[in-house]
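The values are calculated or read from the model by the stated rules, or taken from the named source; none is laboratory data. None of the values given here were measured: they were computed from a predicted structure. Here the Cβ positions follow ideal geometry from the backbone for every residue, glycine too, while neighbour counts run over all protein chains shown.
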Amino acid sequence: MLVPLAAALDPSVFNKINASEAVPASWEERARKAWEYYLEEPLVKNCVNSWRTFAVGDEIKITSDDEDVKSDAALLADRLNISAFVKDMILQLLVKGDAVGFKRYTKDGKDLEEVICVNPVSVKVKYAQGQIVEVRQYPDDNPGIGEGLELPVDQVLHLKWDAPSFSPRGNSLVLPAFQSIELLRDYRRAEQAIAKRWATPFRLLKVGGAFGQKMVMPDQ
């Protein structure tokens, strides 16, 4: 009776064990996939967080030989929450391969009002001769739709990970592991499907019960 149950295993659970399509073609899709892995795979999160801690430590410290400058800089960093900004930028840089920061000035243009870590997936950048010449931001849920919002280039900080100067976007730290992670997920799904298929026959062998038109007696 166990033979037909084993034969009834759904072969489709093994269909996805093919890593050839694990790496999306577009940069935006790769960035989204890398972020998904960071959120859902503990090993990826631990690796990225270790890199971030190595890069910035527990906090950003302001230092200067001039005590007045040091005090003013510390007050500014505290007001703008620079520590959180830097940590967010490093996280985006490592996971998605890109980090986009935007500085907003006060209405009179004399002082910084805030610094913002922008989702790099929502931003389109253009380079010419290695220099950024245009930055546009689009809604996160409709990237690339419409003309977007043009951001002043001189107020934008664009960082790229593991990419040459002529490349408009960087590469995720997670990218080399894409295929391995997809294979691991496929094996998990296959393992769960197999366990689910065998749960019923093992239960019948232990406690007995009706299976179709037959009555299974438990092991004595």
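At a glance:
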quantity: Residues (among the small types (G, A, S) and part of a loop (DSSP other than H, G, I, E, B)) located in region 147-195; calculated: G148, A163, S165, S167, G170, S172
quantity: Tally, over region 72-118, of residues that are buried (at least 19 other Cβ atoms within 10 Å of the Cβ) and in a loop (DSSP other than H, G, I, E, B); calculated: 1
quantity: Selected residue (criterion: modelled with the lowest pLDDT) from residues of region 158-187 that are among the small types (G, A, S) and more than 15 Å from the chain's Cα centre (by Cα); calculated: S165
quantity: Any pair with Cβ under 9 angstrom, 6 or more apart, that starts in region 121-143 at a residue that is closer than 12 Å to F166 by Cα and ends at one that is exposed (fewer than 12 other Cβ atoms within 10 Å of the Cβ) and among the hydroxyl-bearing types (S, T, Y); calculated: Y127/S165; G130/S165
quantity: Residue, farthest from the chain's Cα centre (by Cα), within region 119-132, restricted to residues that are β-branched (V, I, T) and buried (at least 18 other Cβ atoms within 10 Å of the Cβ); calculated: V125
quantity: Residue match in region 85-99 (condition: within 17 Å of D154 (Cα to Cα) and not aromatic (F, W, Y)); calculated: yes
quantity: Residue satisfying all of: in region 50-71; surrounded by 12 or more Cβ atoms within 10 Å (Cβ to Cβ), within 28 Å of the chain's Cα centre (by Cα) and not small (G, A, S); farthest from V115 (Cα to Cα) among these; calculated: W51
